[in-house]
Amino acid sequence: ATPTALLVGTGRGSQLGILIAGPQVLERTRAVDTIVLDKTGTLTSGAMAVVAVHVVAPGVTERGMLELAAAVESGSEHPLASAVVAHAQELAGAALLAADLPGAALPAAALVDFASTPGQGVTATIDGHTVVVGRLDWLATEWSIEVPGDARSLAAAHETAGATVVGVAAGGVLLGLLAVGDTLKPSTPAAIRRFRELGLTPVLLTGDNSGAAAHVAAEVGIAGDAVHAGQTPEGKLEVIRSLQAAGHVVAMVGDGVNDAAALAAADLGIALGTGTDAAIAASDITVVSGDLLVVVDAIRLARSTLGTIK
Ligand code: ADP
Ligand code: MG
């Protein structure tokens, strides 16, 4: 993959909002037989919303936990982060209104040592405590945080219903869980049908949990054996490589920092312009609007342009 810089092919590409890195890209598009799709922000809108909050530590308030989580997430550009920040602001706003005070801003917490681990979560030091927000497995293995069995079953119940669950921990203790919901982009089911019509096999590749992945796969008609959930950025790269090793020519569509390595390794990397700069830089094609039906157009355009050149 080369950096997306210039627009080639035909004027049609730019009209449709499709940026192509160079003429060599068109050549590779013809042979593609498999289209690997990221979930969050690619199949789904990424306009996530907090659907449930569970406090599990004694003496912790829902609002206090959300403010900590939101303070850390304010440093992240993940779709889930905006959901947490927005929910905390709503709660703070409601509390301020109830107290009849002006303004609804959160108290500005001093955020020190912010760090983001793509596909896992975020951390920062707040008032001297390490606060971690992310996957429960990551909290347990990387941060040695004890996740009680009932917190895990609570999480599993939300995940089966299609939600993404993250844990919030401070000072080495799990404070609680946030369940975050997402919805399909309106055009996703139609786009998946059209990929199939073009002879491409859709594969779902996500860092999210298997419950949320299965939920989305069922909604769009992707087969269970074509779903790879819980994948780290390296895991995503490995899935691309193993498909290639099995003889497939692979296109990958993604939007996140966590997709960059997979996008670069794919025979055809397609970034959504609504995504992060890292994904765009790693890709051969950028679809400015982020609409998957335009990804369909991009593949058809590349194939037909090639036909015209040859
Ligand atoms: P996808 O592959 O579907 O785009 P990601 O790889 O971006 O998903 O994220 C995988 C998982 O990592 C998320 O479902 C979440 O549990 C966790 N995660 C990623 N970023 C964050 C964040 N900023 N805050 C909390 N958790 C996060
Ligand atoms: Mg994504």
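The values are calculated or read from the model by the stated rules, or taken from the named source; none is laboratory data. The model shown is predicted, which means the values in this text are computed figures rather than measured ones. No Cβ is skipped: glycine too gets one built from the backbone with ideal geometry, and neighbour counts run over all protein chains shown.
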Could you say which residue among 267, 284, 291, 277 is farther than 15 Å from residue 18 by Cβ, surrounded by 18 or more Cβ atoms within 10 Å (Cβ to Cβ) and charged (D, E, K, R)? 267
Those residues of segment 64-81 which are in a helix (DSSP H, G or I) and out of contact with any Asp or Glu (no Cβ under 8 Å at 6 or more places or on another chain) amount to 64, 65, 66, 67, 68, 69, 70, 71, 72, 73
Output the number of residues of segment 244-268 satisfying the condition of being within 16 Å of residue 28 (Cα to Cα) and away from ligand 2 (no atom under 14 Å from the Cβ). 11
So residue 203 clears everything in (1) of a type in the set (A, V, I, L, M, F, W, C); (2) part of a strand (DSSP E or B); (3) assigned by TED's automatic domain parsing to the domain that holds residue 60 except one condition, right? Which one? (3)
When restricted to 128, 121, 93, 172, the only residue outside the structural domain of residue 211 (by TED's automatic domain parsing), surrounded by fewer than 20 Cβ atoms within 10 Å (Cβ to Cβ), under 22 Å from residue 63 (Cβ atoms) and modelled with pLDDT of 95 or more is 172
Tell me which residues, restricted to segment 116-168, are without any contact (Cβ under 8 Å) to a residue 12 or more places away in the chain, among the hydrophobic types (A, V, I, L, M, F, W, C) and within 15 Å of ligand 1 (Cβ to nearest atom). 140
Checked segment 227-237 for anything at pLDDT 95 or above and surrounded by fewer than 16 Cβ atoms within 10 Å (Cβ to Cβ); matches are 234
Give the residue that is farthest from ligand 2 (Cβ to nearest atom), with candidates limited to residues of segment 29-52 that are in contact with a Lys or Arg (Cβ under 9 Å, 6 or more places away or on another chain) and part of a strand (DSSP E or B). 36
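State the number of residues belonging to segment 206-221 that are among the β-branched types (Val, Ile, Thr) and surrounded by fewer than 23 Cβ atoms within 10 Å (Cβ to Cβ).
1
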Report, by residue number, each residue of segment 256-272 that is at pLDDT 95 or above and near ligand 1 (Cβ under 8 Å from one of its atoms). 259
Just a yes or no: is a residue in segment 175-193 modelled with pLDDT of 95 or more, on the phi > 0 side of the Ramachandran plot and in a loop (DSSP other than H, G, I, E, B)? no
List the helices (runs of 4 or more DSSP H) that sit entirely inside segment 215-282 and contain at least 3 residues that are of a type in the set (Val, Ile, Thr). none
Testing residue 162 on (1) part of a strand (DSSP E or B); (2) in contact with an Asp or Glu (Cβ under 9 Å, 6 or more places away or on another chain), one condition comes back false. Which one is that? (1)
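Does at least one position in segment 52-68 carry a residue that is within 29 Å of residue 304 (Cβ to Cβ) and at pLDDT below 95? Write out each step before concluding.
Initially, segment 52-68 is screened for residues within 29 Å of residue 304 (Cβ to Cβ), giving none.
Scanning segment 52-68 turns up no residue that is within 29 Å of residue 304 (Cβ to Cβ) and at pLDDT below 95.
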So is residue 11 more than 15 Å from ligand 1 (Cβ to nearest atom), surrounded by fewer than 23 Cβ atoms within 10 Å (Cβ to Cβ), over 20 Å from residue 198 (Cβ atoms) and modelled with pLDDT under 90 or not? yes
